[in-house]
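A short write-up of the structure that comes next.
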Amino acid sequence: MAPLVMPRLRTLGEIFRLSKRGVMLAKLEQHHDHMADYIWPRAEAVFGRDRRDTAAPGFDEILDTIRNLTTRFSVCLVCSECNSADGMIKGRFRNEIDSRFTFTAPEIKQFVRARPNQNYEVDVDQAFRVWKSQEEAFRTRAELVETLLAHLGAGRLGYERSGSIGAQPLWMMLGASETLWKAFCSETKGSQRSGLLSGLRGEFLARSTCRDSATLPRQSRSMDCSGPSDVEYEDYTDRFP
């Protein structure tokens, strides 16, 4: 069988594109494993809302460990189109693909054809093949969740907090905002723009999640959506030399 050819991902400059309403888009989103969203609601369904009063010591810590053990990847930044491709494929195959399953970024790369400054194309058949290649491993993870919850409910799992100073480990504090901070630091290292990060991070999050493109009327005239020119892009990104 011929080796799978992996298309390259778009750079940030290539993500920029014009919407049908004339708004420049380059939205990034935090892509996460939906299995992580399942653990706590499932535990609540099994043990009830008063679980902390009756469960084994360290109940919360054990649930966090189960979540980390059964999820396939951590939070990562992807463009909004790649993030929505995951949901689109699962919606197309809602009777075949478990809703708790989430494609990793490298897996999305296998079935999304990224084009500079344009919308992506999705190979639906390839996406389903990726799911089939991971289905057995995913089912194992799902079964492991139920097995570990059963042991927890039977009192065979526990975690003593004795001797803990009560402080969160540093790695637990590195959440979504820190992920974004690191991404900006990497891109602006050594430039004058690195000093603007404290304000830009908040502005980026606000801009990246706004939906003004959806509220504007569509342009009646035809538009060239091939993307900004090199000169336009350089002017946009390098206004702080």
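Protein chains only, probe 1.4 Å: how do Leu157, Leu180 rank by accessible area, largest first?
Heavy-atom accessible area, descending, gives Leu157, Leu180.
Between Lys27 and residues 5 or more places away or on another chain, which pairs have amide H atoms under 5 Å apart, with H built 1.01 Å from N, and which residues are they?
Counting only residues 5 or more places away or on other chains, the set is Ser80.
When you count, for each residue, the other Cβ atoms within 10 Å and take the mean per peptide, how do 227-233, 97-103 rank with the highest first?
97-103, 227-233
May I ask you to order 183-189, 37-43 by the average number of other C-beta atoms within 10 Å around their residues, highest value first? Intermediate values should be presented prior to the final figure.
On the way: 183-189: 12.6, 37-43: 17.0.
So the peptides 183-189, 37-43, ranked by packing, come out 37-43, 183-189.
The values are calculated or read from the model by the stated rules, or taken from the named source; none is laboratory data. Computed from a predicted structure; not experimentally measured. Note that each Cβ is placed from the backbone with ideal geometry, even for glycine, and that neighbours are counted across all protein chains shown. Ligands, DNA and RNA are excluded from the accessible area calculation, which covers all protein heavy atoms including side chains. Shrake-Rupley method; radii C 1.70, N 1.55, O 1.52, S 1.80 Å.
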